[in-house]
C-alpha cells in the first residue's frame, strides 16, 4: 500500500511539474494563463468538478447561511477583497474523518495524498431518475468492474446521479416531503464497506448533498467511510465530463485547524 501511495505522490508531483512548466511558458508569453495547447501537452484536459459558491445555493437545513460581501474596493481602498462566511460543508466540499467520527483526523491532520485520486465514475442516472432514494449498490460496483476492470486502490469512487441538474432549485435539490424528510440518491453502506475491505478505497464522491441517501438519517455510509485518511466529496458538478475510468482528481480547499472539512475546488485531469 505504501508503494502505491508513493507512486501516486510521484504522479501528482508530475502533474504539478507539468502545470508549473506550462504556466511558466504561458507567463513568458505575457498573459499569465495556460493555453489549451499547453494543457493538452501537459495532461490532456483539465475541468472543474465543483460549483461556484453563491449566497442562494442549496444549504443543508440548519447549516449557516453563506454571506459574501465586499470588505474593500478598488475605488475606495485601492484593492478588492470580499468577506466570506459559510459552513465547512457548504457548496461543493470535502469532509474529513472527524466529521462523523470524533476520534478520527481533522482537516489539518490529513496527508496530501488524501486529496489526489484516480477517479472511478459509476453512472446511476437512470436508476436515480426512477427512484430519488436510490443508493449505489454492490451490484453496481461489480457491474462497473465487469465493464471497466478492477477498481484501482485509493480511488475516489463517484456516484454519478445527475442530481446536480437541480442545483439552481434548492427545493428540488433537497426534495423534502411533507414530514421534512429529504429524498436524494446516495451510496449504500454495503458497497462502501466492500470497497474499503477489498479495494483500499480512497474516498467517495457524489453530485448530491451527501454520500448517504437523503432519507438515511443514521448516516451509515459516512460513518463507515470517514476513518483513517479517507474523505468524501459532495455536491460535485459536471461529472458528465469524466470518463468511467482513467481520469485523476485533485481536491483543493481550506485546511482549518480542527476542521471537519472545507468548501472545495475540485479539478479533473482527463486522459
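Read-outs throughout are calculated quantities, based only on the coordinates presented, and are distinct from any laboratory measurement. These figures come from a predicted structure and were not determined experimentally. Here the Cβ is made from the backbone with ideal geometry for all residues, glycine too, and neighbour counts use every protein chain on show.
Hey, can you rank 183-190, 84-91 by average C-beta count inside 10 Å, highest first? Provide the component values of the computation, followed by the final result.
Values: 183-190: 23.9, 84-91: 18.4.
Highest to lowest by the protection proxy: 183-190, 84-91.
Between region 211-247 and region 66-123, what is the C-alpha centre distance in whole Å?
A separation of 16 Å, based on Cα centres.
Extending each Cα 7 Å along its Cβ direction at residue 147 and residue 258, get the distance between those two points in nm, one decimal.
With each label placed 7 Å out from Cα toward Cβ, I get 4.6 nm.
Suppose only helical runs count, i.e. DSSP H with n ≥ 4. What mean residue ellipticity at 222 nm does that imply for the chain under -39500 (n - 2.57) per run, divided by all residues and rounded to the nearest 500 deg cm²/dmol?
Details: 8 runs with 78 residues, N = 271.
After summing the helix terms and dividing by residue count, I get -8500 deg cm²/dmol.
Among 156, 57, which comes first, then next, by fewest other beta-carbon atoms within 10 Å? Numbers along the way, then the final one.
Details: 156 26, 57 18.
Ranking 156, 57 by Cβ neighbours within 10 Å, fewest first, gives 57, 156.
Between Rg and the Kirkwood Rh of region 136-220, both from Cα atoms, what is the Rg to Rh ratio? Walk me through the intermediate numbers first.
Numbers: Rg = 14.0 Å, Rh = 13.7 Å.
That ratio equals 1.02.
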